[in-house]
Amino acid sequence: MRVLSGIQPSGKLHLGNYLAAMKQHIELEEKHDCYYFIANYHALTTIQDAPTLVANTRDVALDYLAMGFDPTKALLFRQSDVPEVTELTWLLSVVTGKGLLDRATSYKDKVARGIAASMGLFSYPILMAADILIYHSDVVPVGKDQVQHIEMAQDMATHFNMTFKCEVFKRPEAKLNEALIVPGLDGQKMSKSYGNAVSLFDDAKTNRKRIMSIKTDSTPLEAPKDPERCTVFGLYKLLATPAETQALEQRYRAGGMGYGEAKQMLADVVERLLGPARERRAELVKDADYVEDMLRTAGRRARETARAVMEQARAACGIVTARN
Ligand code: TRP
């Protein structure tokens, strides 16, 4: 089964990104044929500064490797190392009604947040469909906000096959990342734009300080506390073992423990995950060639798959090129 997902290189990743997406990507590589790419063409809709895009793209690769992505088990490559996706975007755009894109909620949300309403932003779902269809992907792990885009890719696959009386494209299925809301330091969903995130690669001291600043209620130290209503516990249970979670839950309910102590325990489990990752990342940063080689090798392999599908797609619609 081929699993595919794209990662936007939008800057520093945080614990919410890890728990909601990255962790699952890394786990899936054990059992499936996984293609992950850094969506740098998509990022151009919002990042229009070359050095920033170059740096962010590399950072995603470093972050994935540091958090445990294994390049011997799965592919991690740059979207732009498979330029055929932009060609396929055009072929799909001629069988995609404008009305379909008019209904995209993510476009409307982004424009409402002040992102420029460019044609690129508008046709973002077509590029995304091309990403998915060009590798004959079976399953696409994504968050809830991307499900509509996967449905659009399904529609485009069907329209293309029907229009050109062929079976070139496979119907992909979305796999919803566990409906997991990772609380941020203020109790709202963890998000870069809310400023309530724990970054994956800040130093241990900064992380601990931020964790100690989590807002809690004013239940006195001796009194029993409700773990379900506490952000500290909410984060702890996403990172601790089931036995550790159960133990902390009992201490909340028993009373006699202050939030300060729970925060220290949370900072410890955060550091248990991020400490070794921080060290791995520091090593990787020193070896620029290693990261670049990994991206290129994976890109070449992905491109082979894409080229074969593209040949069929061109043939199906009567595009003759010197290449085939
Ligand atoms: N749009 C996705 C996001 O913002 C990123 C992405 C681009 C993607 N192409 C994709 C995800 C293809 C899955 C499949 O998160």
ask   = Within the group Pro9, Pro83, Pro51, which residue is touching a strand residue (DSSP E or B) at 6+ places or on another chain (Cβ under 6 Å), farther than 29 Å from Tyr236 by Cβ and either crowded, with 18+ Cβ neighbours inside 10 Å or not assigned by TED's automatic domain parsing to the domain that holds Leu239 (or both)?
value = Pro9
key: Which numbered condition Pro224 misses (of (1) without any contact (Cβ under 8 Å) to a residue 60 or more places away in the chain; (2) in contact with a helix residue (DSSP H, G or I) (Cβ under 8 Å, 6 or more places away or on another chain); (3) assigned to a helix (DSSP H, G or I))   = (3)
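Tell me, which residue of the range 191-205 that is outside any loop (DSSP other than H, G, I, E, B) and open to solvent by 50 Å² or more (accessible area, probe 1.4 Å) is nearest to Ala61 (Cα to Cα)? Before the answer, list the steps.
The initial filter retains those residues of the range 191-205 that are outside any loop (DSSP other than H, G, I, E, B), namely 192-194, 199, 204-205.
Cutting the leftovers down to open to solvent by 50 Å² or more (accessible area, probe 1.4 Å) gives us 192-194, 205.
Working: Lys192: 19, Ser193: 22, Tyr194: 24, Lys205: 25 Å.
Among those that are outside any loop (DSSP other than H, G, I, E, B) and open to solvent by 50 Å² or more (accessible area, probe 1.4 Å), it is Lys192.
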request  = Being in contact (Cβ under 8 Å) with a residue 40 or more places away in the chain and either within 12 Å of the ligand (Cβ to nearest atom) or assigned to a helix (DSSP H, G or I) (or both) is the filter here, so list the residues in the range 24-33 that pass it.
outcome  = Gln24, His25, Ile26, Leu28
key: Exclusive hit being outside any strand (DSSP E or B), aromatic (Phe, Trp, Tyr), buried (at least 18 other Cβ atoms within 10 Å of the Cβ) and within 13 Å of the ligand (Cβ to nearest atom), set Tyr41, Tyr36, Tyr64   = Tyr41
ask   = Which one is nearest to the ligand (Cβ to nearest atom), of the residues in the range 107-130 that are under 18 Å from the mean Cα position of the chain (by Cα) and of a type in the set (A, V, I, L, M, F, W, C)?
value = Met128
ask   = Residues of the range 72-106 being within 15 Å of the ligand (Cβ to nearest atom) and in contact with an Asp or Glu (Cβ under 8 Å, 6 or more places away or on another chain), which ones?
value = Ala74, Gln79, Val85, Ser106
message = Looking for something part of a loop (DSSP other than H, G, I, E, B), over 25 Å from the mean Cα position of the chain (by Cα) and aliphatic (A, V, I, L, M) - is there at least one such residue anywhere in the range 235-242?
response = no
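Residue under question is Ile115, and the condition is that it be open to solvent by less than 70 Å² (accessible area, probe 1.4 Å), part of a loop (DSSP other than H, G, I, E, B) and touching a Pro at 6+ places or on another chain (Cβ under 8 Å); does it hold? Spell out the reasoning first.
Numbers: open to solvent by less than 70 Å² (accessible area, probe 1.4 Å): yes; part of a loop (DSSP other than H, G, I, E, B): yes; touching a Pro at 6+ places or on another chain (Cβ under 8 Å): no.
No; evaluated as a whole, the condition is false for this residue.
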query = Do any residues in the range 127-139 that are free of Cβ contacts under 8 Å to residues at least 60 places away in the same chain have Cβ atoms under 7 Å from those of residues that are open to solvent by 10 Å² or more (accessible area, probe 1.4 Å) and more than 10 Å from the ligand (Cβ to nearest atom), where the two are at least six apart or on different chains, and which pairs are they?
reply = Ala130/Thr89
key: Every pair of residues 6+ apart whose Cβ atoms lie under 8 Å, when the first sits in the range 97-119 and is more than 11 Å from Gln148 (Cβ to Cβ) while the second is assigned to a loop (DSSP other than H, G, I, E, B) and more than 16 Å from the ligand (Cβ to nearest atom)   = Val111/Ala117
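The values are calculated or read from the model by the stated rules, or taken from the named source; none is laboratory data. Please read these numbers as outputs of a predicted model, since none were measured by experiment. No Cβ is skipped: glycine too gets one built from the backbone with ideal geometry, and neighbour counts run over all protein chains shown. For the accessible areas, the whole protein counts, side chains as well, though only heavy atoms, and no ligand, DNA or RNA atoms are used. Shrake-Rupley method; radii C 1.70, N 1.55, O 1.52, S 1.80 Å.
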